[in-house]
Amino acid sequence: MNLHKKEFQYGNYTVTLETGEIARQATGAVMVSMGDTSVLVSVVAAREARPGLDFFPLTVDYQERIYAAGRIPGNFFKREGRPTEKETLTSRLIDRPIRPLFPKGFTHETQIIATVMSLDPNIDPDIPALLGTSAALSISGVPFNGPIGAARVGYLDGEYVLNPTFSELKTSQLDLVVAGTESAVLMVESEASELSEDTMLGAVLFGHEQGKIAIEAIRDFAAEASKPAWNWQASAVDEALQQRVAEIASDEIRKVYQIHDKLERLSSLSKLRKDTVASICGAEGVEWSEDDVQGSFEKLEKQLVRGTVISGAPRIDGRDNKTVRPITIKTGILPRTHGSALFTRGETQAVVVTTLGTERDSQMIDALEGEYREPFMLHYNFPPYCVGEVGRVGNPKRREIGHGRLAKRGVQAMMPTLEEFPYSIRVVSEITESNGSSSMASVCGSSLAMMDAGVPVKSPVAGIAMGLIKEGEQFVVLSDIMGDEDHLGDMDFKVAGTREGITALQMDIKIEGITREIMETALGQAKDGRLHILGEMEAAISTPREEMSEFAPRIISFNIKADKIRDVIGKGGATIRSITEETGANIDINDDGLIKVAAVDYAAAEEAKRRIEQITTDVEVGVIYEGKVSKLMDFGAFVTVLPGKDGLVHISQISHERVEKVSDKLSEGDIIRVKVLEIDKQGRIRLSMKAIQEGE
């Protein structure tokens, strides 16, 4: 075994990189440890390129093993199942900063697997997984323009914190992950509590600067442990072909990109591409393949569109670089849902629905660090019809899970606590049209739909996506980017927030050389755009509705003494079951005696509450009760004054007049008013009807 090991201090933790002992048949493999969290990262790249591909076939799989936390899986099969949401999101987190660092034209199938093997309950494995990926790629010999560094940044008491613990994050105003090379930031993922643009920018720059510590350590590690570099060269650009394509298609491409309608533009572009391929490949003596011509056409298309933007000319749809597309908003569009909104911005549209439920409707999550319940769920669906295509409909893909999580990050900080609003909340964003930033449309639509449902959000939240075109030292930041601008541009920069500050930020960079000036410009334009969108939203609905939908459950919360819980439940659950069946209400009881009664009919919830209070209330001397005669005796009548609590009305206390027989005055089942005269030491209750008559 050819063992190599490198240690470096990273904030409060020592990070260890090891290779040469485990997974030796992989192209590159590194065991990375931060504290007691250990992640094995392997890289395997095929030696032969896959012919005919025009993209890089990279797969990233992050997987958590439950044994890492010293637990056995809680499911029926007792082994790990399909990827959890956390695993999917972390796979995307690793993929995004490394993908741009592989050379264009590299089509060797490459797979990265990061396996969590040991978990320190205070350290999230995602940062070690990112560092391990960087190290494994750096020693593998494959063409990779790294290494990258990665850091988590918190914000506590006005100070940035490097790699905060899980417990510190609970009180932190920021949870930000940044990754990049020594010279450039490539990826940012964050959620925040209404922080300013300057604070967010400072966090990104702080994290990037700290990441250089890891980059230097990985370089030293690779210098000792790296395998020989692959002898791979990118294919040379065929200048003659590029010139021929330009002669045929340049003017027509410019005309096509003046068509504002997305589907019409795509149709015209597809036809032009086919005509260009046919024109060139159909000529005699031509040796260029159809793939060669298509590649040159796409390169020309990108060059012309980017050049138009850099020159200051109007964008594809005629806007300048700061204008947000027209917005229309409707709320309450679905009659039987608890809250709904239709948000349309240009050719991007989302129908967003809010559903309210009880605590039992919250999601049970079996995470690596343990089980917990999540009362707020946000799901994002991207059906194929939203882009005019035919496709499969089924389980959500990685992109849908990622976009849903981003939208959730955007509104999370504005959500009420369970004490303020004791409901589980599910928001679903159905993307019905898409041409740029459907995730930010989901942020806006989610805020609107929740306000329509009467959820007391602290402030409305809006989101906007920014783009970038950079050529040399010249750059243009684009507000509210379209799909084409995202595809042909250099940056996807999404910002969500309120009027007071930023609640979520996500940034993916496709090039190196993103400067502080560019990020400041993007954040400034994003703020202007966000405030404009918030103005449009507030014109539709400015505050949460005071009245919830008639179809939403009403929840009444109140407390009883903990020692009374068993009385409410009853023997074998008989008491609580009878209340539920007779009133139609759902009843949840926690160990502290907090009771939540939920029913669509408010009167049913109140009736269930009344019955529970009767069961848990103690009988008091001097109080008048309305009770039911349960049994007649020669000497008097037993009356149920509260559920499970009977008292005796002696024959002498039935009336101020003499009563010969109890049955002359009372019958079983009668509802009568009685006053409590006495409760003796044995708990026996003495009642009187006469005392009430005399008082009246």
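The values are calculated or read from the model by the stated rules, or taken from the named source; none is laboratory data. Keep in mind that what you see is a predicted model, and the values were worked out from it rather than measured. Quick reminder, even Gly has a Cβ in these numbers, built from the backbone with ideal geometry, and neighbours come from all protein chains shown. Heads up: the accessible areas ignore ligands, DNA and RNA and are worked out on the full protein's heavy atoms, side chains in. Shrake-Rupley method; radii C 1.70, N 1.55, O 1.52, S 1.80 Å.
Looking at (1) out of contact with any Lys or Arg (no Cβ under 7 Å at 6 or more places or on another chain); (2) closer than 29 Å to K564 by Cα; (3) assigned to a loop (DSSP other than H, G, I, E, B), which is the only condition G669 fails? Going through the list (1) out of contact with any Lys or Arg (no Cβ under 7 Å at 6 or more places or on another chain); (2) closer than 29 Å to K564 by Cα; (3) assigned to a loop (DSSP other than H, G, I, E, B), G669 breaks only (1).
Quick one: which residue in A240, A234 is open to solvent by 20 Å² or more (accessible area, probe 1.4 Å), without any contact (Cβ under 8 Å) to a residue 24 or more places away in the chain and of a type in the set (A, V, I, L, M)? Give the steps one after another, and end with the answer.
On the way: A234 fails: without any contact (Cβ under 8 Å) to a residue 24 or more places away in the chain.
Among A240, A234, only A240 is open to solvent by 20 Å² or more (accessible area, probe 1.4 Å), without any contact (Cβ under 8 Å) to a residue 24 or more places away in the chain and of a type in the set (A, V, I, L, M).
Any chance the range 94-102 includes a residue that's crowded, with 19+ Cβ neighbours inside 10 Å and touching a helix residue (DSSP H, G or I) at 6+ places or on another chain (Cβ under 6 Å)? So far as the range 94-102 goes, yes, one or more of its residues are crowded, with 19+ Cβ neighbours inside 10 Å and touching a helix residue (DSSP H, G or I) at 6+ places or on another chain (Cβ under 6 Å). Quick check on L356: is it under 17 Å from M451 (Cβ atoms) and part of a strand (DSSP E or B)? When the stated conditions are applied, L356 passes them.
Among the conditions (1) in contact (Cβ under 8 Å) with a residue 40 or more places away in the chain; (2) open to solvent by 50 Å² or more (accessible area, probe 1.4 Å), the only one that G81 does not satisfy is (1).
All of (1) within 30 Å of K510 (Cβ to Cβ); (2) surrounded by fewer than 20 Cβ atoms within 10 Å (Cβ to Cβ); (3) polar (S, T, N, Q) hold for S91 with one exception: (2). With respect to the conditions (1) of a type outside the set (S, T, N, Q); (2) at pLDDT below 95; (3) part of a helix (DSSP H, G or I), A407 lacks only one, and its number is (2). Checking the structure you have, find out if any residue of the range 47-58 is of a type in the set (K, R) and free of Cβ contacts under 8 Å to residues at least 24 places away in the same chain. The answer is no; no qualifying residue exists. Cβ-Cβ distances below 6 Å connect no pair with a first residue in the range 12-29 that is among the basic types (K, R), a second residue that is assigned to a loop (DSSP other than H, G, I, E, B), and a separation of six or more residues or different chains.
Suppose we keep only residues that are open to solvent by less than 20 Å² (accessible area, probe 1.4 Å) and assigned to a strand (DSSP E or B) within the range 369-391. Which one would you say is farthest from I72 (Cα to Cα)? Ranking the candidates gives Y380 first.
Please state which one of I365, I333 is modelled with pLDDT of 95 or more, outside any helix (DSSP H, G or I) and aliphatic (A, V, I, L, M).
So the residue among I365, I333 that is modelled with pLDDT of 95 or more, outside any helix (DSSP H, G or I) and aliphatic (A, V, I, L, M) is I333.
The listed residues are I22, I94, and the only one of them that is of a type in the set (A, V, I, L, M, F, W, C) and under 28 Å from the mean Cα position of the chain (by Cα) turns out to be I94.
Return the total of residues in the range 560-617 being in a loop (DSSP other than H, G, I, E, B) and under 24 Å from D646 (Cβ atoms). First the steps, then the outcome.
As a first pass, look at the range 560-617 and keep what is in a loop (DSSP other than H, G, I, E, B): 560-561, 570, 584-585, 590-593, 600-601, 617.
Cutting the leftovers down to under 24 Å from D646 (Cβ atoms) gives us 560-561, 570, 617.
Residues meeting the conditions: 4.
Residues in the range 130-137: is at least one at pLDDT 95 or above, touching a Leu at 6+ places or on another chain (Cβ under 7 Å), open to solvent by less than 20 Å² (accessible area, probe 1.4 Å) and over 19 Å from V30 (Cβ atoms)? No; the residues of the range 130-137 include none that is at pLDDT 95 or above, touching a Leu at 6+ places or on another chain (Cβ under 7 Å), open to solvent by less than 20 Å² (accessible area, probe 1.4 Å) and over 19 Å from V30 (Cβ atoms). Listed by first and then second residue, the pairs linking a residue in the range 584-607 that is free of Cβ contacts under 8 Å to residues at least 12 places away in the same chain to a residue that is open to solvent by 50 Å² or more (accessible area, probe 1.4 Å), with Cβ atoms under 9 Å apart and 6 or more places separating them unless they lie on different chains, are N590/E359.
Checking R47, R65, R92 one by one, the residue that is modelled with pLDDT of 95 or more and under 30 Å from G295 (Cα atoms) is R92 and no other.
Suppose the filter is buried (at least 23 other Cβ atoms within 10 Å of the Cβ) and either under 25 Å from K527 (Cβ atoms) or touching a Lys or Arg at 6+ places or on another chain (Cβ under 6 Å) (or both); does A150 pass it?
On the way: buried (at least 23 other Cβ atoms within 10 Å of the Cβ): yes; either under 25 Å from K527 (Cβ atoms) or touching a Lys or Arg at 6+ places or on another chain (Cβ under 6 Å) (or both): no.
In short, no.
When I464, I431 are screened for being touching a Lys or Arg at 6+ places or on another chain (Cβ under 6 Å), open to solvent by less than 20 Å² (accessible area, probe 1.4 Å), among the β-branched types (V, I, T) and within 19 Å of L342 (Cα to Cα), only I464 passes.
Name the single residue that is farthest from the chain's Cα centre (by Cα) among those in the range 405-433 being among the hydroxyl-bearing types (S, T, Y) and under 13 Å from Y380 (Cα atoms). Filtering the range 405-433 for residues that are among the hydroxyl-bearing types (S, T, Y) and under 13 Å from Y380 (Cα atoms), the one farthest from the chain's Cα centre (by Cα) comes out as T432. Of the residues examined, G105 is one that is in contact (Cβ under 8 Å) with a residue 12 or more places away in the chain and either under 30 Å from S289 (Cβ atoms) or in contact with a Lys or Arg (Cβ under 7 Å, 6 or more places away or on another chain) (or both).
Put simply, of V641, V676 the only residue that is under 25 Å from I612 (Cβ atoms) and modelled with pLDDT under 90 is V641.
Taking every residue in the range 501-520 that is free of Cβ contacts under 8 Å to residues at least 40 places away in the same chain and on the phi > 0 side of the Ramachandran plot and pairing it with any residue that is open to solvent by 10 Å² or more (accessible area, probe 1.4 Å) and part of a strand (DSSP E or B), at least 6 positions away or on another chain, yields no pair with a Cβ-Cβ distance below 8 Å. Residue pairs whose Cβ atoms lie under 9 Å apart, separated by 6 or more positions or on different chains, with the first residue in the range 615-630 and open to solvent by 40 Å² or more (accessible area, probe 1.4 Å) and the second assigned to a loop (DSSP other than H, G, I, E, B) and among the acidic types (D, E), are K628/E668; K628/D670; S630/E668.
Just name the residue that is nearest to S434 (Cα to Cα) out of those in the range 475-489 that are modelled with pLDDT of 90 or more and open to solvent by 10 Å² or more (accessible area, probe 1.4 Å). Talk me through it step by step, then tell me what you get.
Within the range 475-489, the first condition is being modelled with pLDDT of 90 or more, and the residues that meet it are 475-482.
Keeping just the survivors that are open to solvent by 10 Å² or more (accessible area, probe 1.4 Å) gives 475-476.
Working: F475: 26, V476: 23 Å.
That would be V476.
Among the listed residues A539, A522, identify the single one that is of a type in the set (G, A, S), in a helix (DSSP H, G or I) and surrounded by 13 or more Cβ atoms within 10 Å (Cβ to Cβ). Of A539, A522, the one residue that is of a type in the set (G, A, S), in a helix (DSSP H, G or I) and surrounded by 13 or more Cβ atoms within 10 Å (Cβ to Cβ) is A522.
Among all positions in the range 153-166, there is at least one residue which is among the hydrophobic types (A, V, I, L, M, F, W, C) and open to solvent by 40 Å² or more (accessible area, probe 1.4 Å). The residues in the range 641-652 that are farther than 22 Å from I587 by Cα and crowded, with 16+ Cβ neighbours inside 10 Å can be counted, and the count is 8.
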